[in-house]
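Quick note: the coordinates plus some simple rules give every number you see, no bench work behind them. Everything quoted here is computed from the prediction, not taken from an experiment. Reconstructed Cβ throughout: ideal geometry from the backbone, glycine too, with neighbour counts over all protein chains shown.
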Amino acid sequence: MEENDFVSIWLEESGNPAIEELTRLNLDVAAKAAKTLADKGLSENDLAVSLDINPDEIKRWLTGRHSFSVNMIKEISGILADYSASFTVPPHQ
């Protein structure tokens with residue numbers, strides 16, 4: 001950061017509410033996703049397939065090393081709602 005970069009200085013001192021909100025939303029939805037996957041006996045790969053994205057992105061997101069856009073979070077939330085409402089994994093035989 002340059003010494004006279006007032007925007008960077010302001011962000012460092014006061015934060016950015018939009019970024020903080022997106023971070024909170026990512027963490028909340030990631031926690032809900034992990035719980036739903038565990039409750040339904042699904043894997044990170046199952047969620048990735050449902051979303052048609054790379055499974056590594058899901059893994060990084062669930063561990064807090066990656067964030068998604070608001071649109072992707074909405075899509076993930078929709079998939080989780082579908083899982084919660086209707087998807088049940090049969091017991092292993």
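Quick look at the numbers
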| read-out | value |
| --- | --- |
| Computed label-point distance, nm, for sites ARG65 and LYS35 using a 7 Å Cα→Cβ extension | 2.5 nm |
| Label-point separation, GLU57 to MET72 (7 Å along Cα→Cβ), nm | 0.4 nm |
| Distance between modelled label sites at ASP82 and GLU12, nm, 7 Å Cα→Cβ extension | 4.5 nm |
| The stretch 29-78: trypsin sites (Lys or Arg not before Pro) falling in loop per DSSP and having at most 10 other Cβ within 10 Å | ARG65 |
